[in-house]
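Taking it in order: structure first as structure tokens, then the write-up.
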Amino acid sequence: MLEVQDIEAGYGPVRVLHGLSLEARAGEVLCLLGRNGAGKTTTLKAIMGLLPLTAGRILLDGTEISALPAHRIARQGVGYVPQGRRLFSELTVAENIEIGLMAGGKDAGTRDRVLDMFPRLRERLAQRAGTLSGGEQQMLATARALAVEPRLLLLDEPTEGLQPSMIDLIRETVVTLRAKGVAIVLVEQRIDAVLALADRVTFIENGNSRETVTPSELKSDRALIHKYVGV
Amino acid sequence: MEFGPHLVLAILEGAVGAAVLALTALGLSLVFGVMRVVNVAHGEFFMLGAVMAWFVAAAIGGHPAVGFIAALVIAPLVAGVIAMAADWLVLKRVNYDPEATIVATIGLLYIMQQSALMLYGPEARPVEAPFNSRIALPWVEWGEAGLQLYYPWGFGTTSYKLFVIVAAVVLLLAFWAFLSRTRFGLVMRATQLDRETALAFGIPVETVYALVFGLGAALAALAAVLIVPIQQAHYLMGGDPLLLSFIVVIIGGLGSIRGTIVAALLIGMSDGVISVFFSPTLAKILATLLVALVLVFRPQGLYGKTAT
């Protein structure tokens with residue numbers, strides 16, 4: 001599905017990723033775990049083409065998406081929920097979803113399916129995104145990414161700062177998508193959430209990918225968590 | 001009947017200025033809002049519109065209305081295409097860096113100005129208005145013999161000036177509808193709000209930038225075609241609209257369309273009224289003073305948002 005092969009990338013002269021590799025499979029949740037600054041968000045940005053790669057390549061079902069310009073990656077079926085949500089705050093809920101539909105080349109049918117998953121948004125279509133509550137904003141950021149009808153969904157700390165009921169909703173959404181065969185890459189800080197959701201966990205340290213393990217291995221060997229996350 | 005009629009005249013003159021200024025400043029505001037580029041060459045695109053209007057009118061001949069309508073279409077197109085080429089050749093190459101683009105557009109200003117001097121010459125040339133009948137205005141005043149109607153009372157305006165006001169209002173409404181109702185308008189607003197996320201959602205930001213820069217220049221050129229039957233075309237005419245557009249955009253709040261329109265009305269009207277009663281220089285001094293006060297007491301402008 002998604003193959004990230006030995007990528008190097010960074011911001012201007014500062015290199016953050018040093019030969020990072022990972023693999024996400026259809027119908028699986030891959031969690032990225034690591035300390036702050038390890039390069040998790042940078043990895044997702046690199047997959048979206050938002051940072052130029054200085055080495056390595058990224059393949060999606062065999063297509064080299066790292067060779068495409070950034071604005072053509074979403075159309076390949078990649079949905080992105082950025083860290084801090086990054087909604088178009090002055091635009092309405094409907095317009096934010098419209099941007100997602102345009103990105104994926106989808107029509108009103110997709111719009112209805114997405115709104116069925118988040119009925120609260122349907123009631124607030126004409127409201128400006130910036131005036132939504134935190135949980136609703138996360139719903140909208142997720143809905144915008146799902147409007148692309150992604151085969152690969154990237155989620156960057158989607159539950160950050162949310163109340164428990166909202167965290168459950170996001171988790172259910174991820175489970176539903178996984179059952180539909182979407183490949184999901186999830187950056188998540190909370191270990192319990194990772195253990196509950198992940199099919200595999202890749203540890204990231206200093207811009208490199210380290211071990212990839214299953215949650216059951218992780219439960220039996222807490223030393224890994226101490227080593228890479230330090231809690 | 002001394003002050004009142006003169007005030008009406010001054011307000012009419014001011015409204016013509018405000019209408020043209022609103023269109024010009026909107027172009028500058030749009031480019032800054034979406035691209036974060038301060039386009040110092042904006043006034044030269046205005047000049048280009050006026051000069052193109054003269055060339056088109058001279059080339060077509062016949063009834064002035066034919067040349068004028070052709071100029072309304074051709075001049076903004078030419079200005080837009082030149083601006084898009086400048087975006088691709090220059091602004092894109094410096095990565096839209098805020099400081100580099102200021103220097104780059106200063107260079108563009110001189111290139112365009114001197115090219116106009118070489119190709120068009122130093123003369124100020126008129127473009128004939130498509131229609132220009134005088135309209136005498138009635139005036140009603142409470143005199144010694146009760147209510148008196150003065151008609152005609154010696155002064156009036158022209159049908160063309162009224163047309164400029166109406167045309168500008170129509171164009172502003174059309175632009176607003178374009179921005180809020182069309183897909184490209186939505187794409188432009190999304191790019192303005194968050195460039196990186198726009199890119200992640202399939203918006204070709206570089207193409208949007210080129211089109212926005214072209215659209216900004218086209219608006220200035222369109223404003224110039226409207227005013228050139230009143231003002232004449234000259235290769236140095238870009239200075240005043242540039243200064244006034246900056247004043248308007250700063251007072252209205254950088255990147256705010258609503259603020260730009262409100263400030264254009266305020267500055268255009270006061271410029272007209274003060275120019276009639278005192279002097280154009282005083283009008284510019286007061287407008288510049290207002291900018292200084294806005295920058296000190298409300299740096300984000302009337303409708304601008306503070307950075308969050």
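The values are calculated or read from the model by the stated rules, or taken from the named source; none is laboratory data. Nothing here was measured: the structure is a model prediction, and the numbers come from that model. All Cβ positions, glycine included, derive from the backbone under ideal geometry; neighbour counts span all protein chains shown. Just the protein is used for accessible areas: all its heavy atoms, side chains included, with ligands, DNA and RNA removed. Shrake-Rupley method; radii C 1.70, N 1.55, O 1.52, S 1.80 Å.
Semi-axes of the equivalent ellipsoid for the range B:127-276, computed as √(5λ) from the eigenvalues of its C-alpha gyration tensor and ordered from largest down, come to 40, 18, 15 Å. Surface composition of the range B:149-272: carbon plus sulfur atoms contribute 69% of the solvent-accessible area (1.4 Å probe, protein chains only, all chains present).
Could you work out, residue by residue across B:189-199, how many beta carbons of other chains sit within 10 Å of that residue's beta carbon, and then give the average as an integer?
6
A cut-off of 5 Å between modelled amide H atoms, ignoring neighbours fewer than 5 places along the same chain, links A:Gly19 with A:Ile7, A:Glu8, A:Ala9. Here the convex hull built on the C-alpha positions of the range A:1-142 has a volume of 130 cubic angstrom per residue.
The angle between the Cα long axis of helix B:159-181 and the main principal axis of chain B comes to about 30°, on a 0 to 90 degree scale. Looking at the range A:91-148, the accessible area is 35 square angstrom per residue; that uses a 1.4 Å probe and ignores ligands, DNA and RNA.
3J(HN,Hα) couplings calculated from phi for the range A:83-98 with the Karplus curve 6.51 cos²θ - 1.76 cosθ + 1.60 (θ = phi - 60°) are, in sequence order, 4, x, 6, 6, 6, 7, 5, 7, 8, 6, 4, 4, 5, 4, 5, 4 Hz; Gly and Pro show x.
On association of chains B and A, roughly 1900 Å² of accessible area becomes buried (total for both chains; probe 1.4 Å). For the peptides A:83-91, B:280-288, B:240-248, the ranking by packing is B:240-248, A:83-91, B:280-288, with the highest mean count of neighbouring Cβ atoms within 10 Å listed first. Toward the positive end of the charge dipole of the range A:7-110, with +1 on the Cβ of Lys and Arg and -1 on the Cβ of Asp and Glu, the farthest Cα among A:Val29, A:Ser89, A:Thr42 is that of A:Thr42.
Could you calculate the contour length gain from B:Phe178 to B:Leu282, that is, 0.36 nm times the residue separation minus the distance between their Cα atoms, to one decimal place in nm?
33.7 nm
Computed across the protein assembly as shown, the Kirkwood hydrodynamic radius from all distinct Cα-Cα pairs reaches 26.4 Å. Take each peptide in A:203-211, B:97-105, A:42-50, count the other Cβ atoms within 10 Å of every residue, and average; sorted highest first, the result is A:42-50, A:203-211, B:97-105.
Compactness ratio for the range A:91-148: Cα radius of gyration over 2.2 N^0.38 Å (N = residue count) comes to 0.97.
Dipole orientation for the protein assembly as shown: of the candidates B:Val294, B:Ile165, B:Ala177, B:Ala177 has the Cα lying most toward the positive pole (charges on Cβ; Lys, Arg +1; Asp, Glu -1).
Mean silhouette area of the range B:94-198, derived from the convex hull of its C-alpha atoms and averaged over all directions, reads 13.9 nm². Distant-in-sequence amide contacts of B:Gly202, defined by a placed amide H-H separation under 5 Å and a gap of 5 or more residues or a different chain, comprise A:Ala74.
Peptides B:132-144, A:190-202, A:123-135 ordered by packing proxy, namely the average of other Cβ atoms within 10 Å per residue, highest first: A:190-202, A:123-135, B:132-144. By accessible area, using a 1.4 Å probe on protein heavy atoms only, the range A:1-66 has 46% of its surface on carbon and sulfur. Applied to the range B:138-144, the Karplus parametrisation 6.51 cos²θ - 1.76 cosθ + 1.60 on θ = phi - 60° returns per-residue 3J(HN,Hα) values of x, 9, 10, 9, 7, x, 5 Hz, with x for Gly and Pro. Using bins of 10 Å that start at zero, the share of Cα-Cα pairs per bin across chain B amounts to 6, 26, 33, 22, 9, 3, 1, 0, in whole %. Length gained on full extension, A:Asp116 to A:Ser165, computed as 0.36 nm times the residue gap minus the Cα-Cα distance: 15.8 nm.
Burial annotation for the range A:92-106: residues with an accessible-area loss of at least 10 Å² between the isolated chain and the complete set of protein chains, computed on heavy atoms with a 1.4 Å probe, are A:Glu95, A:Glu98, A:Ile99, A:Met102, A:Ala103.
With θ taken as phi - 60° and the Karplus curve 6.51 cos²θ - 1.76 cosθ + 1.60 applied, the whole-hertz 3J(HN,Hα) list for the range B:8-22 is 4, 4, 4, 5, 4, 4, x, 5, 4, x, 5, 4, 5, 5, 4 Hz, x standing for glycine and proline.
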